[in-house]
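Beneath this line is the structure, given in structure tokens, with notes to follow.
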Amino acid sequence: MNQLKKGALLTYLKIILTNIIGIAMTPFIVSNIGKDEYGIFNAIGALIGTIALLDFGLTNTVVRFIAKYRAEKDREGEENFLATIRLLYFVISLLVIVLGTIFYFFIDSYFTKFNAQELEIAKIMFVILIFNLAIQLPGMIFTGICKGYEEFVFPESVGIIRYVLRSITVVAVLLFGGKAISLVIVDTIFNIFTISVSAYYVLVKLKVKFKLHHLSKKYILQIFKYSSWIFVFSLVGMLQWKSGSWILGSMSFPKVLGIYGIGIALGTYYGTFSTAISSVFLPRATQMAVNNATGEELTNMMIKLGRLSFIVLMYVLGAFILYGEQFVNLWVGGGDSAEDARYNSKECNEIYIIALMIMIAYTIPLLQAFGNSVLEAKNKLAFKAILYLVVMVFGAIAGGVLAIDYGAIGMISGLVLGWLVVQNVMNFYYHKKIGLNIIRFFKELLHKSFFIVIIVVAIGYTINYIPGEGWLNFIFKGSIYTTVFVTLMYFLGMLEYERELFTKPIVSIWKRK
């Protein structure tokens, strides 16, 4: 098995581990540090994530340029590029420290709802995370080099080991009485460890050299020209997932930030169920675009991929609509009052609504992931990038206005409205400019399977009347729902080729036995 296949398998393993461990760790962390400190942890993390945009997309640029110089067998060009990038990252690290220092003196006036003790915790965490970011950004160059050298196994393995060890350490630290500050210290230590190991591998094993042969303004502009669109999409991602936290941070109590952060986390977990499927097929878009595939041929592939994602997403979304609130109450709930470490039923309901809104709004973009790959293959990402950026700015502003009266739910409402506007505009763009038959896409996407989803949700609603509470009751209801969904979807909702995709691996394993 080559590096690419092993790397892909390790990537999927990392996704699965991240989701499982993340879901398992969240209630444990909340119970041990309390929902107020958890809210501070989320708020400071969002601010640091915003400052991390100073990367300007250079990490992905490293992968592209290293691959280019290796293909051209231009060792001198590679050395010069890496030395230039190192200088740029040195400047970026200085900017991170300068901006961090400036913002540090405004923390008191920014977090207006924090008390003196909460402000002190926020300041200490902020200082540690700024230091963390200042070393993390330049350290990411080593991961980019590994990928540029098509050495995928090492960085993915290091990532998995780091995540597992970090989770074990967090559990130990919290059991010994650690709080939110301890978490950021643990993250900083593991970042230093990861960077050190990656640097050793790149410099010693791969024998990569950083040597400045010449430095020119034109060369630096060329680097930033490539990274600029990556930076724009990073900015869009920040507006989607982090803007709510730093807007709420200026007007809300810490526990509201925790509620919002957990809702966002659940929403992003939903996306990984589809990404694990779509990422396997997305490289096909580039091949088809290069071979000048027609709009109808591209639509056919988009339908195939979309239907597979639809089946998986409808299973998850249906289950969350029916049993999601019970899950959230069992997962992070249990508090009897607003002062308890865990969230009370009203707060759990807010988490449920935030996550559900994200899942519903996120569904169509996930189903049309192939369309984004077509845009990339045809070099037409600029329109989507600018559209997303403009609309999400207005979405963040609208969310901020709504948050004044409706808190975390108001914030996510404005952002979700922005997502819906973008996706409707993009459907017209796909149809008119790219040649994808969007009307046929939706018609064939819903063929057979949508009717089955309606039936399953109706049956699932009656399952909800099974008396009882607690994890056993939740698992029992979820098991019945899963059995009904799989049975009806397989025999009545799937097309023949979809059944084969699900049964072939099982048959193959059975024959080996």
Taking the Cα centre of the chain as the origin, how large is its charge dipole in debye, to the nearest 20, when only Lys and Arg (+1) and Asp and Glu (-1) carry charge on their Cβ atoms? 1920 debye
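Mind giving me the FRET efficiency for Val401 and Phe476? R0 is 60 Å, r the Cβ-Cβ distance, nearest 0.05 is fine. Please report the intermediate quantities before stating the final value.
On the way: r = 43 Å, r/R0 = 0.72.
Rounded to the nearest 0.05, the efficiency is 0.90.
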Which whole-Hz ³J(HN,Hα) couplings does region 105-117 yield from phi under the Karplus relation 6.51 cos²θ - 1.76 cosθ + 1.60, θ = phi - 60°, glycine and proline marked x? 7, 10, 4, 4, 7, 7, 7, 6, 9, 8, 7, 4, 5
Per principal axis, descending, Cα span of region 145-245 in whole Å: 54, 41, 22
As a test of reading the structure, rank Phe81, Phe502, Phe428 by solvent-accessible area (1.4 Å probe, protein chains only), most first. Phe428, Phe502, Phe81
Once label points are set 7 Å from the Cα along Cα→Cβ at both Phe28 and Leu119, what is their separation, rounded to one decimal in nm? 3.5 nm
Tell me, in nm to one decimal, what length is gained between Tyr163 and Ile192 on full extension, where the rule is 0.36 nm per residue of separation less the Cα-Cα distance? 9.1 nm
Which sequence of Phe383, Phe142 reflects their accessible areas, 1.4 Å probe, from the largest down? Phe383, Phe142
Per 0.36 nm of contour for each residue apart, how much would the distance between Val390 and Glu150 grow if the chain were fully extended, relative to their Cα-Cα spacing? 82.8 nm
Helix-derived [θ] at 222 nm for the chain: sum -39500 (n - 2.57) over DSSP H runs of at least 4, divide by residue count, nearest 500? -28500 deg cm²/dmol
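Send over a whole-number figure in Å² for the accessible area per residue of the chain, probe 1.4 Å.
Numbers: 24610 Å² over 513 residues.
I get 48 Å² per residue for this part.
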Excluding ligands and nucleic acids, what accessible area in Å² is computed for Ile21 using a 1.4 Å probe, to the nearest 10? 30 Å²
At what distance in nm do the modelled label points of Leu215 and Lys432 sit from each other, each positioned 7 Å from its Cα along Cα→Cβ? 4.8 nm
Sorted by mean Cβ packing within 10 Å, highest first, what order do the peptides 38-51, 106-119, 241-254 take? 38-51, 241-254, 106-119
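Within the chain, what whole-number % of the accessible surface is contributed by carbon and sulfur, with the 1.4 Å probe and all protein chains included in the calculation?
Working: 16750 of 24610 Å².
Using a 1.4 Å probe with all protein chains present, the chain comes out at 68 percent carbon and sulfur.
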Mind putting together the pair-distance distribution for region 391-513? All Cα pairs, 5 Å bins, whole percent per bin, short to long. 2, 9, 10, 9, 10, 13, 17, 16, 9, 4, 2, 1, 0
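Relative to the compact-globule scaling 2.2 N^0.38 Å, provide the ratio for the alpha-carbon radius of gyration of the chain.
Details: Rg = 23.9 Å, N = 513, 2.2 N^0.38 = 23.6 Å.
Here the answer is 1.02, to two decimals.
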Spacing of the two label points (7 Å from each Cα toward its C-beta) at Asn291 and Val486, in nm: 3.5 nm
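Which order do Val328, Val421 take by accessible area at a 1.4 Å probe, largest first? It would help to have the intermediate numbers written out before the result.
Values: Val328 0, Val421 65 Å².
Ranked from most to least accessible, the order is Val421, Val328.
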Karplus ³J(HN,Hα) for region 315-331 (6.51 cos²θ - 1.76 cosθ + 1.60, θ = phi - 60°; Hz, whole; x = Gly/Pro) runs 4, 5, 5, x, 4, 6, 4, 7, 10, x, 5, 4, 4, 4, 5, 6, 6
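Kindly identify region 335-430 as rounded, prolate or oblate by the Cα gyration tensor criterion: order the square roots of the eigenvalues as a ≥ b ≥ c, call it rounded if a/c is under 1.5, otherwise compare a/b with b/c, prolate if a/b is larger, else oblate.
Judged from the Cα gyration tensor, region 335-430 comes out prolate (a/c at least 1.5, a/b above b/c).
List the pairs from Lys73/Lys207; Lys68/Lys380; Lys14/Lys477; Lys73/Lys218; Lys35/Lys179; Lys304/Lys378 whose alpha-carbon separation is above 18 Å, in the order I gave them. Please report the intermediate quantities before stating the final value.
Values: Lys73/Lys207 15 Å; Lys68/Lys380 21 Å; Lys14/Lys477 29 Å; Lys73/Lys218 22 Å; Lys35/Lys179 11 Å; Lys304/Lys378 20 Å.
From the list (Lys73/Lys207; Lys68/Lys380; Lys14/Lys477; Lys73/Lys218; Lys35/Lys179; Lys304/Lys378), the Cα-Cα distance tops 18 Å for Lys68/Lys380; Lys14/Lys477; Lys73/Lys218; Lys304/Lys378.
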Mind checking the full-extension length gain between Ile15 and Glu500? Use 0.36 nm per residue of separation minus the Cα-Cα distance, one decimal, nm. 172.1 nm
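The values are calculated or read from the model by the stated rules, or taken from the named source; none is laboratory data. Keep in mind it's a predicted model, so treat the numbers as computed, not measured. Using ideal geometry, Cβ is built from the backbone for each residue, glycine included, and neighbour counts are taken over all protein chains shown. Note: accessible area is taken over every heavy atom of the protein model, side chains too, but ligands, DNA and RNA are not part of it. Shrake-Rupley method; radii C 1.70, N 1.55, O 1.52, S 1.80 Å.
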